[in-house]
Amino acid sequence: MAPAVHPPSSPALPSDSDERYANVKWEELGFALTPTDYMYVAKCQKGESFSEGKIVPYGNIDISPCSAILNYGQGLFEGLKAYRTEDGRCRLFRPDQNALRMKMGAERLCMAYPSLEQFISAVKQTALANKRWVPPPGKGTLYLRPLLIGSGPALGIGPAPEFTLCVYASPVGSYHKGTSGLNLKVDHKNHRAHSGGTGGVKSCTNYSPIVKPLLEAKSSGFSDVLFLDAATGRNIEEVSACNIFVVKGNAVSTPATSGTILPGITRKSIIDLARDIGFRAEERVVPVEELLDADEVFCTGTAVVVRAVETITFMDKKIEYKTGSEALSTKLYEMLTGIQTGRLEDTRGWMVEIDGCNG
Ligand code: COI
């Protein structure tokens, strides 16, 4: 398993240093924290709106032991990346979608939230302050993690009296480093989301409960877990950190976002790209039996990008799928990363420039 934290390769330097790139062994990056120089912090008191925050040195944050996030898990996170283009610029992929998803989650968890403009500005400021950590083209990306937490004390159950927005960054490589295709195990016992719960928003509390089944699957040689719906146990839902697609003939299907599925931004973009090249992309209930005769299965997510599934083990059956250069997942990966890194034209205006990054 990848280390949780990469050792810092050099002490933090101010980003106005003329050093263009941080001293990182880019080829060795997986999906683990490499601490960077700066982070963004803004606070919002009860009854107020978020005002402009500031960039501060990356480090621990002070928090009440009685905070709503520590006691009751009142918190959301987002994930997005800064991409380096061949000519040295840095760009974000659809940050407005992360802002909207954070707003939706904040409404579900009774939290104050930043405006769309504040969110995008916070993310841009964090990326710019850490520009030397945005990997060279083709060597990874700078993962940006906006966190919205109930930081004020809440002894009884209720919204926190203070909320904090913090954005930190880490250069990352592949999420499932060292594996070519994924080998998933269908989990018949544990569920990641329930109807009426928080599966459809990016609540911090969605993730710890799936660590146990994930570790169990990994210890049996699987790369990840595919969860089924809690209501019937008959339909596929999500993999631990990503959405899932099933390909059969000309149809590409993914579970509909009806409350228990995370509305992934990569998911949404892949639906558009699949339609662009003539596939019928469907958001619907996907019965687990469809895995038995699918041509291809692949996963999507900000961290995961687009990743082919090599095998799925369902009950006692191990099903194999098409992967490699002829697979649709490879085509969609090339299309998506082509747009993100500037190799392909961004006809939909998905990319957002971070001014000042290549100076
Ligand atoms: C992301 O893809 O950005 C995620 O949030 C996945 C995370 C759980 C690692």
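The values are calculated or read from the model by the stated rules, or taken from the named source; none is laboratory data. From a predicted model like this one, the values you see are computed outputs, not experimental measurements. Using ideal geometry, Cβ is built from the backbone for each residue, glycine included, and neighbour counts are taken over all protein chains shown. The area values use the complete protein model at the heavy-atom level, side chains included, leaving out ligands, DNA and RNA. Shrake-Rupley method; radii C 1.70, N 1.55, O 1.52, S 1.80 Å.
Just a few scattered comments:
- Ranked by how many other beta carbons lie within 10 Å on average, peptides 68-77, 321-330, 244-253 from highest: 68-77, 244-253, 321-330
- Which listed pairs, of 103/331; 139/268; 212/268, have C-alpha distances above 27 Å, in listed order: 103/331; 212/268
- Each of the peptides 163-169, 207-213 was scored by the mean count of other Cβ atoms within 10 Å over its residues; in descending order, highest first, they stand as 163-169, 207-213.
- The share of C-alpha pairs in region 182-323 whose separation exceeds 20 Å stands at 41 percent.
- The chain - percent of accessible surface contributed by carbon and sulfur, probe 1.4 Å: 53
- Restriction of the GluC sites (Glu not before Pro) in region 25-89 to DSSP coil positions whose beta-carbon has at most 11 other beta-carbons within 10 angstrom yields 48, 52, 86.
- Database remark: amide H of residue 74 closer than 5 angstrom to the amide H of 69, 150 (H placed geometrically; neighbours at sequence offset of 5 or more, or on other chains; Pro and chain starts carry no H).
- For region 42-48, Karplus couplings with θ = phi - 60° (6.51, -1.76, 1.60), whole Hz, Gly/Pro x: 9, 10, 9, 8, 3, x, 10
- With the alpha-carbon atoms of region 25-172 aligned to their principal axes, the span from lowest to highest coordinate is 51, 27, 23 Å, starting with the largest.
- In the chain, inverting the average of 1/r over every pair of distinct C-alpha atoms gives 21.1 Å as the Kirkwood radius.
- Sum of -39500 (n - 2.57) over DSSP H runs of 4+, divided by residues of the chain (222 nm, nearest 500): -6000 deg cm²/dmol
- For the chain, cysteines whose Cβ has no other cysteine Cβ within reach (under 4.7 Å): 44, 66, 110, 166, 204
- Alpha-carbon centroids, region 334-359 and region 245-303: separation in whole Å: 24
- Where trypsin sites (Lys or Arg not before Pro) fall in DSSP loop in region 178-218, at most 16 other Cβ within 10 Å: 189
- For the chain: accessible area per residue (Å², 1.4 Å): 44
- Gaussian network model of the chain, Cα within-10 Å springs - most flexible of 67, 49, 220: 220
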